[in-house]
Amino acid sequence: MSLLARRRFLQNGLELGGALLLGACSGSSSGPSPSPSNGAPDNPTPSDCPDQFAGGQQLGVAAFVGESERPLEQAFNSGLDGRLYTDLSKLGPTNLVTPSEAFYVRTRYPDLLVPESPWRISVLGLPGSSVDLLLDDLLPMAVDQGQQLMECSGNTRTASFGLLSSAEWAGIGLLDAIDRFEIPAGATRLLVSGFDQYSQPSERSTAGASWIFSFEELARSGAFLATGLNGAPLPADHGAPVRLVVPGWYGCTCIKWVNELRFVGEDEPATSQMREFASRTHQSGTPDLARDYLPAEIDLAAMPVRVEKWLVSGAIHYRVVGVQWGGAARTDQLEIRFGQDPWQPICMTNVSQAPWALWEHPWRPAAPGVYAITLRAADPSIRTRRLDTGYYLREVAIDQI
């Protein structure tokens with residue numbers, strides 16, 4: 001079967017699956033979620049949560065504690081240990097696209113990489129000898145890919161959860177790029193590799209950037225070869241001149257400096273990168289074969305990004321501003337918890353279909369101190385593997401009430 005025919009078959013299957021899903025969900029409901037213990041309404045609306053900050057004055061922002069000691073949005077270290085953390089506290093209704101210079105970095109430009117001109121991507125696994133794809137030949141196929149979010153699977157409190165960004169991308173659909181090739185007999189997957197060699201070894205990571213995808217995974221995710229970021233050519237630290245972006249998947253699958261594509265079969269071993277990131281991408285153990293890896297998809301997640309301190313009518317109030325991302329869509333059924341207090345429905349939630357969306361919640365702490373803030377989705381049908389473990393817990397220091 002040609003790649004074009006295979007792709008049409010997969011697309012038809014995805015469309016049918018979507019239709020069946022819509023048919024199953026329309027007009028049906030799992031029923032209202034139980035009311036939380038504090039008696040708040042199940043699905044608060046703006047009228048349920050009036051603006052408590054109207055006419056008030058913002059005095060500042062309460063600090064999160066126990067997080068990164070590195071300055072945010074400043075690159076540090078080099079090679080595999082190079083990082084830049086996005087400052088999520090800057091997010092706002094008109095500021096949901098991360099500037100290129102603030103987009104997170106996990107691995108900086110390899111010092112041993114001398115870019116070829118033109119850039120070549122070797123295509124292996126075809127009958128006969130390998131074939132080179134010239135990036136210059138692909139560039140006319142580049143189109144706007146919209147706003148896409150990316151999160152490092154190692155995004156933690158020690159990075160102030162700043163390995164998370166969303167920006168406007170441009171590029172070439174990966175399946176479009178290889179559509180000219182006949183799928184070799186026995187090939188069921190595509191291995192994508194990128195340049196990953198450095199003069200100095202890493203203290204924490206293993207060199208060898210590559211991931212293996214089924215053709216269905218590439219079709220379903222809309223994977224593309226990115227050549228532009230926020231209306232400009234791809235920056236060096238973000239994989240210039242070309243990187244893979246797999247919408248909805250963790251960043252470890254989004255290979256930078258792509259220089260090789262290989263058609264492989266069902267018995268292809270997992271790559272070193274797949275094994276290294278197995279636990280962070282929700283795998284069951286560390287499978288030996290690529291076919292046994294689950295899609296490295298980002299589940300619905302949410303966390304606070306800013307806790308504002310306000311003076312309203314002579315009293316101190318706090319407004320918790322946060323973000324939700326991941327999963328198939330945003331939800332209006334987030335709940336928040338402060339320390340061991342009862343869960344409360346989030347009052348104001350933006351459920352747009354953008355890659356991430358803001359929410360906010362008024363808060364009156366009982367006393368000064370350090371408070372843990374956690375979130376969950378009240379809808380049990382939503383998969384939230386990291387939220388379920390309290391992964392995105394943040395602690396904030398309150399000095400005045």
Is it the case that Gly55 is of a type outside the set (A, V, I, L, M, F, W, C) and open to solvent by less than 30 Å² (accessible area, probe 1.4 Å)? no
Which one is surrounded by the fewest Cβ atoms within 10 Å (Cβ to Cβ), of the residues in the range 280-312 that are acidic (Asp, Glu) and assigned to a loop (DSSP other than H, G, I, E, B)? Asp288
Among the candidates Arg220, Arg157, single out the residue that is open to solvent by 30 Å² or more (accessible area, probe 1.4 Å), at pLDDT 95 or above and either within 24 Å of Gln353 (Cβ to Cβ) or aromatic (Phe, Trp, Tyr) (or both). Arg220
I need every pair where a residue in the range 270-285 that is over 18 Å from Phe195 (Cβ atoms) has its Cβ under 6 Å from the Cβ of a residue that is buried (at least 17 other Cβ atoms within 10 Å of the Cβ) and of a type in the set (S, T, N, Q), sequence separation at least 6 or different chains. Phe277/Ser153; Arg280/Ser153; Thr281/Ser153
Single condition Ser272 does not satisfy, out of (1) open to solvent by 10 Å² or more (accessible area, probe 1.4 Å); (2) touching a Ser or Thr at 6+ places or on another chain (Cβ under 9 Å); (3) over 27 Å from Pro127 (Cα atoms): (3)
For Trp169, which of the numbered conditions (1) within 29 Å of His282 (Cα to Cα); (2) in a loop (DSSP other than H, G, I, E, B) fails to hold? (2)
Taking the range 110-130 on its own, how many of its residues are within 28 Å of Ser205 (Cβ to Cβ) and either open to solvent by less than 30 Å² (accessible area, probe 1.4 Å) or touching a residue at least 24 places away in the same chain (Cβ under 8 Å) (or both)? 12
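The values are calculated or read from the model by the stated rules, or taken from the named source; none is laboratory data. The model shown is predicted, which means the values in this text are computed figures rather than measured ones. Heads up, the Cβs are rebuilt from the backbone with ideal geometry, glycines too, and the neighbour counts pull from every protein chain shown. With ligands, DNA and RNA removed, areas are computed over all heavy atoms of the protein, side chains included. Shrake-Rupley method; radii C 1.70, N 1.55, O 1.52, S 1.80 Å.
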